[in-house]
Structure formats: structure tokens, C-alpha cells
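The values are calculated or read from the model by the stated rules, or taken from the named source; none is laboratory data. Every value quoted in this text rests on a predicted model; they were computed, and no experiment measured them. FYI the Cβ positions are ideal-geometry reconstructions off the backbone, even for glycines, and counts take in every protein chain you see. Side chains included, ligands, DNA and RNA excluded: accessible areas come from the protein's heavy atoms. Shrake-Rupley method; radii C 1.70, N 1.55, O 1.52, S 1.80 Å.
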Amino acid sequence: MTSKQDRPAGTLHVVGTPIGNLGDLSLRAREVLGAVDAIAAEDTRRTRRLLSSIGLKASIIAFHDHNEAERTPALLERLRDGEAIALVSDAGTPLISDPGWRLVRAALADGIEVLSVPGPSAVSAALSVCGLPTDRFVFEGFLPRRRAQRAARLEALRNETRTMVFFESVHRLDATLRQLAEQFGAQREAAIARELTKLHERVYTGSLAEICARLGGGIPLRGEFVVVVAGAHEVLRPEESEALRIFSVLCEDLPPDRAATLCARITGLPRNVVYGLTRKKA
Ligand code: SAM
């Protein structure tokens with residue numbers, strides 16, 4: 001018989017669950033949730049409902065923002081003893097504005113295997129339907145509640161050129177969008193994704209001013225929202241604008257690769273800088 005010390009360490013499975021539509025629970029998530037020794041869940045009632053909707057019963061441990069630090073040692077102990085534990089949040093992907101990173105960090109530090117069971121997240125769902133550039137983006141989670149702190153955070157983001165993703169509660173949506181318009185400019189393009197994957201799913205697009213004007217009227221202030229805001233336009237230095245002009249003239253007669261090489265030679269800018277500029281403006 002193997003003693004407790006000889007048993008291999010267990011596995012922590014980080015499992016994504018639906019953000020509204022139960023049909024989005026993956027086959028693998030079902031298998032893992034049905035096989036683990038225990039499930040650490042942000043909201044035990046919600047997880048029990050999810051499990052019963054797929055005919056599963058499991059041992060569920062409450063694991064939320066207020067008890068994460070206190071519960072982590074006991075969960076680590078069980079993992080060290082060879083148990084398989086799943087971590088789920090209220091909805092979506094754990095750790096994305098949800099508890100869990102301390103547990104994952106501690107498990108990794110202990111040499112415990114941590115496996116992902118990816119699933120839905122409001123971040124990727126919103127980005128996939130918002131119609132704004134998604135090649136580079138920043139996820140800002142929830143903005144601070146206090147106006148002054150929120151203003152400071154937004155000020156730090158005013159010149160951010162990547163698309164920005166925010167979570168916002170319905171109660172603060174109006175104030176946040178108005179503050180975004182004030183600090184980023186009313187004409188900045190944005191989108192709000194409401195009730196993703198649910199019956200009343202809808203994406204509203206336009207300038208911040210247009211979206212603000214529709215709030216409470218065309219845009220019902222009910223449900224869950226993700227706010228996506230376009231990045232600021234990059235201001236090019238004069239030599240960069242000139243390089244772009246030369247590049248586009250050369251492109252009239254040459255393939256882009258050759259045009260970039262010649263442009264670099266003419267302007268003295270490194271070829272990768274010329275390439276970077278042309279990609280930004282593509
Ligand atoms: N971990 C989750 C995820 O990966 O999607 C996010 C958890 S965070 C506590 C909850 C916030 O996500 C909500 O306040 C809202 O901003 C956003 N959210 C969650 N579900 C949503 C949905 N179905 N439609 C729009 N936004 C949603």
C-alpha cells in the first residue's frame with residue numbers, strides 16, 4: 001500500500017463555466033467537474049444549480065474573495081495528498097476579476113499540477129462581437145468606485161492606443177460612460193456588450209457621446225455589461241509620417257517587402273520600424 005507521502009500530488013483544474021447560456025459548458029468541463037474530489041466554488045448555490053442541471057453531485061467548498069486566504073492552506077493540503085480539485089467562479093473564467101490567483105500561485109509554488117479547462121469569459125465574448133480592433137487589447141477589469149480614483153485611472157489610460165475592456169455594474173454604467181467621454185473625448189469610439197450569451201444579448205456601438213445619449217432609452221439599464229473603448233490614435237513623429245508617405249508611393253510599383261526595404265534605406269529608419277509603422281496604419 002502506498003503511504004500518504006508516496007502518493008503523487010493532485011491536480012488543480014481551473015474550470016471556465018457559462019456566463020449566461022448553460023449550453024456553453026464544455027464537454028471537458030463536465031467531465032472534470034464530475035470526476036474531481038471537490039469543487040472550490042465562489043458561489044456554492046450557483047455551482048450546485050449548474051451541477052444539478054447536468055445531473056452531477058459533488059462536494060463543494062465555498063471559496064470567495066473573503067475567505068480565499070484562509071481556505072488556501074487546506075486546499076493545498078488536499079492537493080498535496082493527491083486529490084483532484086476544481087476551481088470555478090460564479091460565471092466565466094476563474095481569476096478574471098474573480099478569486100483564485102493566490103491559490104493558483106501557491107499550488108504552482110508547491111509543484112502541484114495546475115490545468116486549465118478553458119471556457120467562456122465576458123472579456124473574450126465582448127471583444128469578439130464589439131467590432132473594434134482586437135489584435136492588441138488591455139483588460140482593465142472594474143474601475144475604482146470613487147470618482148477621483150476612477151478619474152486618475154482613466155487619466156493614466158487616456159493615451160493608451162490598444163483597445164480597452166472594462167467590466168461595469170449596471171448601477172455605475174451611466175456615470176462611467178460619462179466620465180469616459182469627459183476624459184477620453186466624446187467622439188472616442190466604443191461599444192457596450194449587454195447580457196452576452198443570454199436572451200437579451202445586444203451590442204451597442206458608436207461614439208461615447210452617442211452611447212451616453214441612448215442610455216436608459218434605446219439601451220435598457222438592466223443586466224450585465226462589458227464596456228469596450230477604442231484606443232487613442234497614435235501621434236506619429238514627422239519622420240514617421242514621411243516614411244509612411246514614401247512607403248505608400250513605393251508600394252504603387254513594388255511589393256510591400258521591397259518597398260519597406262527601400263523606404264528604410266531612403267529614410268534611415270530601421271527596416272523593422274518601417275514595418276511596424278506600416279502595420280499600424282494597415
Ligand atoms: N470571470 C468572469 C468572466 O470571465 O467573464 C467575470 C466575472 S466579473 C465578477 C463579472 C462582470 O463580468 C460583470 O459585472 C460584467 O461586467 C461582466 N459579465 C459577466 N457576464 C456577462 C454577460 N453575460 N454579459 C455581459 N457582461 C458580463
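Name the residue from Ala106, Thr93, Ile19 whose Cα lies farthest towards the positive end of the charge dipole of region 9-120, charges +1 on Cβ of Lys and Arg and -1 on Cβ of Asp and Glu.
Projecting each Cα onto the dipole axis, the largest value belongs to Ile19.
With n ≥ 4 as the cut-off for DSSP H runs, can you work out [θ] at 222 nm for the chain, using -39500 (n - 2.57) per run divided by the number of residues, rounded to the nearest 500?
Roughly -12000 deg cm²/dmol at 222 nm, from the helical runs in the chain.
For region 123-229, which whole percent of the accessible surface, found with a 1.4 angstrom probe, sits on carbon and sulfur atoms?
Of the solvent-accessible surface of region 123-229, carbon and sulfur hold 48 percent.
Round to the nearest 10 and give me the degree value, 0 to 90, for the angle of helix 173-184's Cα axis relative to the longest principal axis of the chain.
Computed tilt is about 30 degrees.
Arrange the peptides 52-64, 239-251 so that the one whose residues have, on average, the most other Cβ atoms within 10 Å appears first.
The densest-packed peptide leads the list: 239-251, 52-64.
Roughly how many nanometres apart are two label points built 7 Å out from the Cα toward the Cβ at Ala74 and Arg158?
Going by the 7 Å Cα→Cβ label model, 4.9 nm.
In nm, to one decimal, how far is the Arg48 label point from the Val170 one, both placed 7 Å along Cα→Cβ?
About 2.6 nm, to one decimal.
Using alpha carbons only, how many angstrom separate the centre of region 146-220 from the centre of region 34-111?
First find each Cα centre; the distance between them is then 32 Å.
If I stretch the segment between Ala209 and Glu252 completely, what's the gain in nm (0.36 nm per residue apart, minus their alpha carbon distance), one decimal?
Working it through step by step, the gained length comes to 11.6 nm.
Per residue, how many Å² of accessible area does the chain show with a 1.4 Å probe?
Value returned for the chain: 55 Å² of accessible area per residue.
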